[in-house]
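Inspection log for the structure reproduced underneath, given as structure tokens.
The values are calculated or read from the model by the stated rules, or taken from the named source; none is laboratory data. None of these values were measured; they are calculated from a predicted model. Here the Cβ positions follow ideal geometry from the backbone for every residue, glycine too, while neighbour counts run over all protein chains shown. Quick note on the areas: whole protein, heavy atoms, side chains included, nothing else; ligands and nucleic acids left out. Shrake-Rupley method; radii C 1.70, N 1.55, O 1.52, S 1.80 Å.
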Amino acid sequence: MRAEAMLARSALAVLRRLGPVRASDFGGAVCRMIGPLLPVSKVADTNLRLVMPELDAVARRRIVRGVWENLGRTVGEFPHISTLRENTSAGPGFEVEGACHLTAQAERGGPVLFVSGHIGNWEMLPPGVAKYGAGFASFYRAAGNPLIDRMIRALRNEATDKPLPLFAKGTRGAREALVWVAKGNRLGMLVDQKMNDGIVSRFFGHPAMTAPALAAMALRFRCPVIPGYVQRLGPARLRIVVEQPLELPESGDRQVDVATLTQMINDRLESWIRARPESWLWLHRRWPKDVMREVERSRKPR
């Protein structure tokens, strides 16, 4: 564990010395070269074959290379998130579209749920939103090595003006997050990954198990749900897009309303991903195994 942590610390030190632009370029180039050769890229190709059947093999390969490049750039930029500033230049930094929705919620006070996905450099969302007085707690998946996990948490805390809770994914983290929101605080959630025990909701026209927790919380507290994501404009150059709050359903049937709001969120995610498919992590098995196996069988020569 210590050797692994020392290696990670050395890599972070190198990326810091490179500066945000060169670190982004370096991470993007390495991942774009190596990533498509890894077995997990076949998962991305299968996902694309399933939900974007209009794409040919050349287009799918281009998207998969773009996915890896974006992931590499995100890693390269991670040690520099705390140094990126909001500006309107073409260099490193970020800009915010729809900032009025953030200032309105900061002035309003009370619980707010921010919803997004692993799109662009999603690590820019917490510090970027915090600049407008709307900082939020979030969930995270703890690294297997506690020493590396401590480094990651420190970098995330460094990027915001004041540390905000990071809830570990799981039952305990979910309970802690619920208490946090009940006290009138803000919470951000990335809801684009597969769930084994969620509810069935359509994503790109296919059934996909989806976490209903955000919808259930929003309806319980009748609090705003603000969608937003990050567009990559260049190396270490990002745009945070904040959209107006979703209109919460009020059918009188809680179960139906949870399903409706969950579907609304999936639809919003899909629209962002379709606009820039290379910006999303297609590398995980988002759809049911039986659906994926059928696509994989259709690819094999008979």
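What the table shows:
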{"item": "Principal axis dimensions, largest first and in whole angstrom, of segment 105-191 by Cα", "result": "40, 27, 24"}
{"item": "Long-range Cα-Cα pairs in the chain (distance over 37 Å), rounded percent", "result": "14 percent"}
{"item": "Zero-based 5 Å bins, Cα pair distances in segment 230-302, whole percents", "result": "3, 11, 14, 16, 16, 14, 12, 9, 4, 2, 0"}
{"item": "Estimated FRET transfer efficiency when R0 is 41 angstrom, pair ASP56-ARG16 (beta carbons, to 0.05)", "result": "0.50"}
{"item": "Share of pairwise Cα separations in segment 158-257, more than 18 Å, in percent", "result": "61 percent"}
{"item": "Solvent-accessible ranking of ILE273, ILE148, largest area first, probe 1.4 Å", "result": "ILE148, ILE273"}
{"item": "Ranked order, ARG202, ARG73, ARG156, ARG150 - accessible area, probe 1.4 Å, largest first", "result": "ARG150, ARG202, ARG156, ARG73"}
{"item": "GLU95 accessible area, 1.4 Å probe, all protein chains in place, Å² to nearest 10", "result": "50 Å²"}
{"item": "Peptide ranges 160-168, 246-254 listed from the most packed, as the mean C-beta count within 10 angstrom indicates", "result": "160-168, 246-254"}
{"item": "Accessible area in the full protein assembly, largest first, 1.4 Å probe, for THR46, THR103", "result": "THR103, THR46"}
{"item": "The chain: antiparallel DSSP beta bridges as a percent of all, rounded to 5", "result": "40 percent"}
{"item": "ASP290 accessible area, 1.4 Å probe, all protein chains in place, Å² to nearest 10", "result": "100 Å²"}
{"item": "Largest-first ellipsoid semi-axes for segment 88-131, taking √(5λ) over the Cα gyration tensor eigenvalues, angstrom", "result": "21, 14, 8"}
{"item": "Spin-label zone in segment 71-101 - amide nitrogen under 15 Å from a point set 7 Å from the Cα of VAL30 along the C-beta vector", "result": "71-80"}
{"item": "Additional length obtainable on full extension of the chain from ARG108 to ALA3, 0.36 nm per residue less Cα span", "result": "33.0 nm"}
{"item": "With eigenvalues of the C-alpha gyration tensor scaled by 5 and rooted, segment 81-154, Å", "result": "24, 18, 11"}
{"item": "Segment 62-124: Cα Rg divided by the 2.2 N^0.38 Å rule of thumb", "result": "1.38"}
{"item": "Cβ charges +1 (Lys, Arg) and -1 (Asp, Glu), total dipole of segment 144-302, debye", "result": "600 debye"}
{"item": "Kirkwood Rh in Å, taken over segment 30-151 so that all alpha-carbon pairs contribute", "result": "17.3 Å"}
{"item": "Sorted largest first, extent of segment 3-99 alpha carbons per principal axis (Å)", "result": "44, 41, 19"}
{"item": "Segment 30-173, accessible area per residue, ligands and nucleic acids excluded (1.4 Å, Å²)", "result": "45 Å²"}
{"item": "Lys, Arg +1 and Asp, Glu -1 on Cβ, resulting dipole of the chain about Cα centre, debye, nearest 20", "result": "1000 debye"}
{"item": "Dipole magnitude (debye, nearest 20) for segment 226-276, charges at Cβ of Lys, Arg, Asp, Glu", "result": "580 debye"}
{"item": "Integer Hz, Karplus 6.51/-1.76/1.60 couplings in order for segment 242-255, x for Gly and Pro", "result": "10, 9, 5, x, 6, 7, 6, x, 9, 7, x, 10, 4, 4"}
{"item": "Rounded percent of accessible protein surface that carbon and sulfur make up, the chain, 1.4 Å probe", "result": "56 percent"}
